[in-house]
Amino acid sequence: MNKLKYRKAWRFPEQVEDFIASQCKGFTVHVMNGNSALGDIRIDAYSENTDIRADAFHLPLKDAVADTVVCDPPWMMDYRYKSKFILEFKRILKFGGILVFNAPWNPKSPGLPIEAIYVPEWQLMTYNHIALVFIARKVKQTFI
């Protein structure tokens with residue numbers, strides 16, 4: 001069963017792709033890459049322009065392998081799947097690693113605090129969903 005609604009692969013607007021590229025440090029994994037060429041490894045279940053065909057909920061990578069994870073998920077993803085989706089990114093991120101996440105919903109998760117939010121200028125003129133680029137960093141969780 002496919003949990004995500006497939007839409008034809010696309011690419012970030014040039015300004016957004018340049019910004020995202022500037023945030024990528026070290027070994028970068030781009031999940032759901034569509035037609036974007038960003039990342040050292042690109043993983044997508046549907047795109048022809050990918051290195052590995054795989055489900056974003058079960059990435060075929062070892063734990064703590066990525067310095068940066070980039071993702072532009074389905075914007076209308078069912079809320080029941082969002083936390084599992086983010087947990088998979090946390091799993092492959094190294095401590096101190098960065099998640100660059102382009103979506104209209106916050107990828108909040110314990111141990112993955114948001115450091116910055118970027119609003120692409122062209123998005124300010126839209127009247128529907130505004131995509132935000134969230135920059136989050138994996139930290140060790142502390143329990144009180």
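The values are calculated or read from the model by the stated rules, or taken from the named source; none is laboratory data. None of the values given here were measured: they were computed from a predicted structure. Methodologically, a virtual Cβ is constructed for each residue, glycine included, from the backbone with ideal geometry; neighbour enumeration extends over all protein chains shown. Ligands, DNA and RNA are stripped out before the accessible areas are found, and what is left, the full protein with its side chains, is counted by its heavy atoms. Shrake-Rupley method; radii C 1.70, N 1.55, O 1.52, S 1.80 Å.
Structure data summary
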| quantity | calculated |
| --- | --- |
| Global geometry of segment 1-112, whether rounded, prolate or oblate, following the gyration tensor of its Cα atoms and the 1.5 cut on a/c | rounded |
| When each of LYS25/LYS108; LYS82/LYS140; LYS84/LYS108; LYS62/LYS108; LYS82/LYS108; LYS108/LYS140 is checked by Cα-Cα distance, pairs over 18 Å | LYS25/LYS108; LYS82/LYS140; LYS62/LYS108 |
| Cα-based reach from LYS90 at 14 Å (exclusive), listing aspartates and glutamates while leaving out same-chain residues under 8 positions away | ASP63, ASP67 |
| LEU87-ALA37 pseudo-label distance in nm [points 7 Å out on the Cα-to-Cβ vector] | 3.7 nm |
| Residue-level accessible surface for TRP75, protein heavy atoms, 1.4 Å, Å² | 80 Å² |
